[in-house]
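Below is one structure, written out as structure tokens, with a few remarks after it.
The values are calculated or read from the model by the stated rules, or taken from the named source; none is laboratory data. Computed from a predicted structure; not experimentally measured. Neighbour counts run over all protein chains shown; Cβ positions are idealised from the backbone, glycine included.
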């Protein structure tokens with residue numbers, strides 16, 4: 001009988017993306033709410049960013065938009081609709097997803113398991129990296145970091161010592177405290193995934209949007225968890241739930257600027273300011289629309305909610321440097 005215990009990275013890969021895996025059969029929107037699902041204002045802001053990239057590149061033909069971990073193509077379709085007929089005529093939209101193409105998606109959206117090569121435009125990965133499988137480590141009795149092994153039912157035990165690269169990553173980026181209990185999520189696989197994504201962009205901007213942390217505030221016990229039907233659940237790698245962990249944002253390759261979502265969206269024109277009350281008298285319908293937009297913008301920029309996400313903005317070529325600002 002084979003050992004049911006495997007490293008977390010293998011267990012996540014199988015549970016999320018293996019035969020019958022969670023993301024191959026489930027719609028993400030049925031289980032957790034992203035900025036894309038929260039409001040159409042998010043797609044409108046991404047479309048404005050794409051048009052800024054377009055201007056910076058001199059309005060190339062074609063212009064590319066790559067939607068990593070596209071779910072059911074909601075963002076791809078919304079951005080295509082929001083850019084306007086002129087840019088849309090030059091726009092190539094690629095929805096990158098392992099699940100089968102959903103029915104009813106705009107036929108202009110190319111559905112693909114991998115991003116295209118030689119992208120000129122914007123590559124956006126909204127809540128992708130948190131679902132890239134990773135390994136988990138904690139100290140053995142002798143204090144040496146070891147892999148945490150897991151069964152399909154969620155049971156765990158300690159495994160062997162870390163591979164040299166994972167040991168190096170942990171030493172450089174997580175800096176586990178000496179003595180006492182700790183649990184670390186090794187982000188080397190996320191670094192590799194983001195590095196490969198950057199390699200597909202010839203010129204333009206690559207943006208990863210996710211919840212995460214930096215070296216100054218690493219969680220001492222990690223963040224690995226599960227979601228099912230809108231509820232947080234135990235991270236059991238049996239294919240029954242989403243498995244996610246916060247991203248070590250500062251370890252990602254490319255030297256991208258780290259911009260809080262609330263700042264990025266404000267820079268792209270979103271405002272949560274209430275419309276003037278006088279508008280309710282002169283144009284009640286416009287007032288209601290403006291009030292609704294302000295409410296949506298407030299949710300997207302809420303510092304205790306979606307606004308706490310971080311945009312990692314990496315220009316590929318000098319033309320798109322500084323489009324969102326932020327700190328490296």
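Table: residues versus (1) under 25 Å from residue 197 (Cβ atoms); (2) without any contact (Cβ under 8 Å) to a residue 40 or more places away in the chain; (3) surrounded by fewer than 17 Cβ atoms within 10 Å (Cβ to Cβ).
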| position | (1), (2), (3) |
| --- | --- |
| 210 | yes, no, no |
| 228 | no, no, no |
| 242 | yes, no, no |
| 247 | yes, no, no |
| 255 | yes, no, yes |
- Task: Look at residue 64 and say whether it is within 22 Å of residue 196 (Cα to Cα) and modelled with pLDDT of 95 or more.
- Result: yes
- Query: Only one of (1) out of contact with any helix residue (DSSP H, G or I) (no Cβ under 8 Å at 6 or more places or on another chain); (2) at pLDDT below 95; (3) surrounded by 21 or more Cβ atoms within 10 Å (Cβ to Cβ) fails for residue 71. Which number is that?
  - Reply: (1)
- Message: Residues to consider are 88, 77; find the one that is assigned by TED's automatic domain parsing to the domain that holds residue 308, surrounded by fewer than 20 Cβ atoms within 10 Å (Cβ to Cβ) and in a helix (DSSP H, G or I).
- Response: 88
- Considering only the range 168-185, state which residues are within 27 Å of the chain's Cα centre (by Cα) and either without any contact (Cβ under 8 Å) to a residue 12 or more places away in the chain or farther than 25 Å from residue 236 by Cα (or both). 168, 169, 171, 172, 173, 175
- If only one of 88, 95 is in contact with a helix residue (DSSP H, G or I) (Cβ under 8 Å, 6 or more places away or on another chain) and within 21 Å of residue 129 (Cα to Cα), which one is it? 95
- Note on the structure: Considering only helices (runs of 4 or more DSSP H) wholly within the range 219-328, the ones with at least 2 residues that are in contact with a helix residue (DSSP H, G or I) (Cβ under 8 Å, 6 or more places away or on another chain) and at pLDDT below 85 are 278-282, 284-301
- modelled with pLDDT under 95 and more than 24 Å from residue 228 (Cβ to Cβ), is that true of residue 30? no
- Residue among 72, 48, 9 that is more than 25 Å from residue 306 (Cα to Cα) and either assigned by TED's automatic domain parsing to the domain that holds residue 308 or in contact (Cβ under 8 Å) with a residue 60 or more places away in the chain (or both): 9
- Query: Do the conditions hold for residue 123, that is, is it outside any loop (DSSP other than H, G, I, E, B) and in contact with a strand residue (DSSP E or B) (Cβ under 8 Å, 6 or more places away or on another chain)?
  - Reply: yes
